[in-house]
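Just below is one structure, and these are the notes that go with it.
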C-alpha cells in the first residue's frame, strides 16, 4: 500500500514532552511556579500547591464582583503579582492584584492603563513587561480587533519605555482571541501562548520596540492559557488543561540559538 509522505521541505514542529499532571480545581486561567510550589489560577481564586506532592497548602477565593477576571500570576520577591481585567466588559480596565506568595493574603491593587486588556505581566532584565490583549467580538472594542494585541515594556517605576506588536503569523494562530500567557525563557527568548491552540510561540523582541520576531513554534500538551517555567529549571514548562482542571509539566525541546 502506498503511503503519502509530507514534502521534504516541510519541517515538523519541535515538541514539548509531557512529564506529569497534577489535579487542581482552580486550573482555569493559568499556572505559575516558584520551584517548590505551583499556583493554580482561576478568575477569582488561587491555590498554592506543593510541586513534589500535589498537596494544596493555601487557597484564596475572592468576590467575583470585585475580581471578575484574574488572567495570570508571577512570583516576585515574596509577592504574587496577578494580571487582572474586567473582561468581557468594556471599556477595558486593567490592574495588578498583589498577594502574599506564601499565605495568599491579599495585599492590594494597582491600576494599569494600557492599549487593551491585561493578560500577563512579567519581570525581565530590570523591566516590567505587560501584554494587553485585544479581541474580535466578545470582550473587544470597536475598531480594535485581535491584531492590536500589544506588548509594553515599563521601567521599575511603571513608566512606559517601549512597545511591540505581534507578528502576523502568530496573530493568525491566536485569532479571534489573543495572547493568554507569556514568560521569558533562556537566551532572551519570550515564550507566548494563545487561548486555544496547543502551541508555544518563541519570540524575540527587537531593541526599542516594533514587531516581535517569531523564532519557533513548539507543540505543547495543553491548549494555551497562562504558563510558567519551573523555577530554576528553564526547560520545564508548566501549563494547564482547563477541560480537566490539571497542571501539566512538560520538557521543552532545545531552542534555536539565532
Tell me yes or no: at least one residue of segment 71-81 is over 17 Å from the mean Cα position of the chain (by Cα) and touching a residue at least 40 places away in the same chain (Cβ under 8 Å). no
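Does segment 209-232 hold any residues that are over 22 Å from residue 46 (Cβ atoms) and modelled with pLDDT under 95, and which are they?
Initially, segment 209-232 is screened for residues over 22 Å from residue 46 (Cβ atoms), giving 209-221, 232.
Once the filter is applied, which keeps residues that are over 22 Å from residue 46 (Cβ atoms) and modelled with pLDDT under 95, segment 209-232 yields only 232.
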Could you grab me the full set of residues in segment 153-178 that are under 15 Å from residue 213 (Cα atoms) and either in contact with a strand residue (DSSP E or B) (Cβ under 7 Å, 6 or more places away or on another chain) or part of a strand (DSSP E or B) (or both)? 163, 164, 165, 167, 169, 170, 173
Within segment 30-43, restricting to residues that are at pLDDT 95 or above and surrounded by fewer than 21 Cβ atoms within 10 Å (Cβ to Cβ), the one that is farthest from residue 248 (Cα to Cα) is 43
So residue 245 clears everything in (1) surrounded by 15 or more Cβ atoms within 10 Å (Cβ to Cβ); (2) modelled with pLDDT under 95; (3) on the phi > 0 side of the Ramachandran plot except one condition, right? Which one? (2)
Out of segment 190-220, which residues are in contact with a strand residue (DSSP E or B) (Cβ under 8 Å, 6 or more places away or on another chain), crowded, with 18+ Cβ neighbours inside 10 Å and in a loop (DSSP other than H, G, I, E, B)? 194, 205, 212, 220
The correct count of residues that are surrounded by fewer than 23 Cβ atoms within 10 Å (Cβ to Cβ) and either out of contact with any helix residue (DSSP H, G or I) (no Cβ under 6 Å at 6 or more places or on another chain) or modelled with pLDDT of 95 or more (or both) in segment 233-242 is 5
Being over 19 Å from the mean Cα position of the chain (by Cα), surrounded by fewer than 22 Cβ atoms within 10 Å (Cβ to Cβ) and in a strand (DSSP E or B), is that true of even one residue in segment 124-142? yes
List every residue pair whose Cβ atoms lie under 9 Å apart, where the two residues are 6 or more positions apart in sequence or sit on different chains, the first residue falls within segment 139-152 and is touching a residue at least 24 places away in the same chain (Cβ under 8 Å) and on the phi > 0 side of the Ramachandran plot, and the second residue, located anywhere, is surrounded by fewer than 21 Cβ atoms within 10 Å (Cβ to Cβ) and assigned to a loop (DSSP other than H, G, I, E, B). 139/88; 139/89; 139/90
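The values are calculated or read from the model by the stated rules, or taken from the named source; none is laboratory data. If you're wondering where the values come from, they're calculated on a predicted model, not measured in any experiment. All Cβ positions, even for glycine, are placed from backbone atoms using ideal geometry, and neighbour counts span all protein chains on display.
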